[in-house]
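Asker: Have a look at this one.
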Amino acid sequence: MDRCATIMEARKSTLFELSKEIKSEFPQNVKPLENQVAGHSFKDGCSTIGMLKDEEGYVFKPINKPELGRREVLFYETVMNSELEVIKELKQFVPEYLGTVELAVNGTNAQFLKLRNATRGYQKPCVMDVKIGRQTWEPGAPVSKQQREQAKYTQCKQQCGFCIPGFHVYNTKSGTTEKYGKDFGKNLSKENIPEVLTKFLNSASEQSKSVGEEMLEQLNRILSWWQYQRIYHIYSSSLLLTYDAEILRTPSDLPLCSSVRVILIDFAHVFPANNTLDLNYLNGLDSFVQIFSSVVNKL
């Protein structure tokens, strides 16, 4: 190997070591959220800041774009403090918001939303992200963005009014966690969505029907809210379906709702409804609930 090649290899090695060091630079007792199923994560590269979690049951969502961050902060602050009954009802369906914090990550100070972790206390977390709506771009978005969004998960969004960017499930038969990302989600259609939901619910377990029924009850409460609220139109937002697979293996005396949680997440594209129903979200949510209900009834 000549001198030039030797120097290049040395630099490559040094950069690799630096990259490893950068990836591991997190505040004490804080680490990447290992069951993040959609959105930008640390796996996308050392320059990408993804979701974090701490040991006290909170997650930290990075504010990567100031304008979108301000919009999401305003939404959470409104929901947490509003006296309007319709918004107070919404509060039970979104993560508890504890303000914004600044954390040093990869040698850079970054702003995060601090939210209650939906999987807190879970031993074997199963998580599914379901993005709701055929339209996932905000009003007034440039044509280029509309075209990019239309090209994502096209088949599932057009057929069902929602898509599944990813999910993790702890397989109780194999004892391993199976992870399915956006490449898997892009190939989903109305025909194979029931099979995916059946897999997510660990259908081979005798307790899977009970878990599905609890999840369906929570979904129907959320649907009831969307059927009458005329405050918000929300785009590119998701349902987060979660449960602890440990309850499928070890029965508990605790109520199922402590191990099964469905919440709404991602509020960077929230706009006034001007006293109209959000049919884009409502129709997609209704479609998902119908399919999910059919799956649960067959367990």
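The values are calculated or read from the model by the stated rules, or taken from the named source; none is laboratory data. Because the structure is predicted, anything quoted here is derived from the model rather than measured. Positions of Cβ are generated from backbone atoms using ideal geometry, with glycine treated the same way; all protein chains shown enter the neighbour counts. Quick note on the areas: whole protein, heavy atoms, side chains included, nothing else; ligands and nucleic acids left out. Shrake-Rupley method; radii C 1.70, N 1.55, O 1.52, S 1.80 Å.
Asker: Please state the shape class of the range 104-154: rounded when a/c is under 1.5, otherwise prolate if a/b exceeds b/c and oblate if not, all from the C-alpha gyration tensor.
Answerer: Oblate.
Asker: Distance check, please: which entries in Lys124/Lys145; Lys152/Lys298; Lys145/Lys190; Lys182/Lys209; Lys53/Lys209 exceed 32 angstrom between their Cα atoms?
Answerer: From Lys124/Lys145; Lys152/Lys298; Lys145/Lys190; Lys182/Lys209; Lys53/Lys209, over 32 Å: Lys124/Lys145.
Asker: Would the range 215-299 count as rounded, prolate or oblate if I go by the C-alpha gyration tensor, calling it rounded below 1.5 in a/c and otherwise prolate when a/b exceeds b/c, oblate otherwise?
Answerer: prolate
Asker: Now for a different question. Using Cα pairs under 8 angstrom and six or more residues apart, how large is the relative contact order of the range 142-299, in percent?
Answerer: The normalised contact order for the range 142-299 reaches 27 percent.
Asker: Sorted by mean Cβ packing within 10 Å, highest first, what order do the peptides 246-252, 129-135 take?
Answerer: Working: 246-252: 15.3, 129-135: 23.6.
Output ranking for 246-252, 129-135: 129-135, 246-252.
Asker: If you don't mind, another one. Calculated from DSSP H runs of 4 or more alone, at -39500 (n - 2.57) each and per residue, what is the 222 nm mean residue ellipticity of the chain, nearest 500?
Answerer: Helix contribution divided over all residues of the chain: -11500 deg cm²/dmol.
Asker: Using the Kyte-Doolittle scale, find the helices of the chain whose mean hydropathy is at least -0.5 and whose Cα atoms extend 15 Å or more along the helix's long axis, counting only whole DSSP H runs.
Answerer: 3-23, 66-81, 208-226, 279-297
Asker: Apply the a/c threshold of 1.5 to the C-alpha gyration tensor of the chain and tell me whether it is rounded, prolate or oblate.
Answerer: On the way: a/c = 1.56, a/b = 1.31, b/c = 1.19.
Prolate shape, in that a/c is at least 1.5 and a/b is the bigger ratio.
Asker: Just the number please: accessible area per residue for the chain, 1.4 Å probe, all protein chains included, in Å².
Answerer: Values: 15470 Å² over 299 residues.
It amounts to 52 Å² per residue over the chain.
Asker: Please report the carbon-and-sulfur percent of the accessible area for the chain; probe 1.4 Å, protein heavy atoms only, DNA, RNA and ligands left out.
Answerer: Accessible surface attributable to carbon and sulfur in the chain totals 50 percent.
Asker: What ranking do 217-229, 198-210, 260-272 get when scored by the average of other Cβ atoms within 10 Å per residue, highest first? Display every interim value, and only then the final one.
Answerer: Working: 217-229: 15.4, 198-210: 17.8, 260-272: 19.8.
Per-residue mean Cβ counts within 10 Å order the peptides as 260-272, 198-210, 217-229.
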